[in-house]
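Enquirer: If you scroll down you'll find the structure; I have some questions about it.
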Amino acid sequence: QVQLVESGGGLVQAGGSLRLSCAAFGRISSFNDMGWYRQAPGKQRELVVTMTKGGSTNYAAFVKGRFTMSRDNTKNTVYLQMTDLKPEDTAVYYCRAVLWDQTYWGQGTQVTVSN
């Protein structure tokens, strides 16, 4: 059974930085891909970034070089480094993993960016 646990969210001022972590109970090197999504109040969940097993990444246009996804296979953890945060980045951020035909989600971590 795959479990994903996010951490690292919080309240930050505009222009600040946060690093989110997603610890996987399961070998992340086995996953077909992993990614970060977010959902703001009243909006649909949207892709932030995905990373294939080979390490290729696909970022949403709104990231514009501000966010970086990385992974540490030895710790079974992926990260999302977020810089130059804006109020519109306020959302619950979710970690997602795909293993063959199964998709797994974490519980989410709240990121709030104040003016």
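The values are calculated or read from the model by the stated rules, or taken from the named source; none is laboratory data. From a predicted model like this one, the values you see are computed outputs, not experimental measurements. Glycine also receives a Cβ, built like all others from the backbone with ideal geometry; neighbour counts cover every protein chain displayed. Heads up: the accessible areas ignore ligands, DNA and RNA and are worked out on the full protein's heavy atoms, side chains in. Shrake-Rupley method; radii C 1.70, N 1.55, O 1.52, S 1.80 Å.
Enquirer: Determine, yes or no, whether Lys75 is modelled with pLDDT of 95 or more, open to solvent by 70 Å² or more (accessible area, probe 1.4 Å), part of a loop (DSSP other than H, G, I, E, B) and of a type outside the set (S, T, N, Q).
Expert: no
Enquirer: I want to confirm something. Restricting to region 22-56 and keeping residues that are aromatic (Phe, Trp, Tyr) and in a strand (DSSP E or B), which single residue is farthest from the chain's Cα centre (by Cα)?
Expert: Here the residue is Phe25.
Enquirer: Which one of the conditions (1) in contact with a strand residue (DSSP E or B) (Cβ under 7 Å, 6 or more places away or on another chain); (2) over 16 Å from Gln110 (Cα atoms) does Gly54 fail to meet, given that it meets all the rest?
Expert: Result: Gly54 passes all but (1).
Enquirer: Looking at region 74-85, can you tell me whether even one residue there is within 13 Å of the chain's Cα centre (by Cα) and of a type in the set (Lys, Arg)?
Expert: No, every residue in region 74-85 fails to be within 13 Å of the chain's Cα centre (by Cα) and of a type in the set (Lys, Arg).
Enquirer: Within the set of pairs 6 or more residues apart or between chains, which connect a residue that is more than 11 Å from Val49 (Cα to Cα) inside region 68-82 to a residue that is open to solvent by 70 Å² or more (accessible area, probe 1.4 Å) and part of a loop (DSSP other than H, G, I, E, B) with Cβ atoms less than 7 Å apart?
Expert: So the pair list comes out as Asn76/Arg27.
Enquirer: Confirm whether Arg19 is in contact (Cβ under 8 Å) with a residue 24 or more places away in the chain, out of contact with any Asp or Glu (no Cβ under 9 Å at 6 or more places or on another chain) and either assigned to a loop (DSSP other than H, G, I, E, B) or among the basic types (Lys, Arg) (or both).
Expert: Here the answer is yes, as Arg19 does meet what is asked.
Enquirer: Do we have any residue at all in region 31-40 that's over 16 Å from Glu6 (Cα atoms), polar (S, T, N, Q) and modelled with pLDDT under 95?
Expert: yes
Enquirer: Here is a follow-up. Any residue that is out of contact with any Phe, Trp or Tyr (no Cβ under 8 Å at 6 or more places or on another chain) and open to solvent by less than 40 Å² (accessible area, probe 1.4 Å) - is there at least one of those in region 95-112?
Expert: Scanning region 95-112, I find no residue that is out of contact with any Phe, Trp or Tyr (no Cβ under 8 Å at 6 or more places or on another chain) and open to solvent by less than 40 Å² (accessible area, probe 1.4 Å), so the answer is no.
Enquirer: Give me the residue from region 43-72 that is small (Gly, Ala, Ser) and modelled with pLDDT of 95 or more and, out of that set, farthest from Ala97 (Cα to Cα).
Expert: In this case the residue turns out to be Ala61.
Enquirer: Ok, one more. Condition check: surrounded by fewer than 18 Cβ atoms within 10 Å (Cβ to Cβ), over 13 Å from Ala24 (Cα atoms) and among the β-branched types (Val, Ile, Thr). Does Thr68 satisfy that?
Expert: Judged against the criteria, Thr68 is a match.
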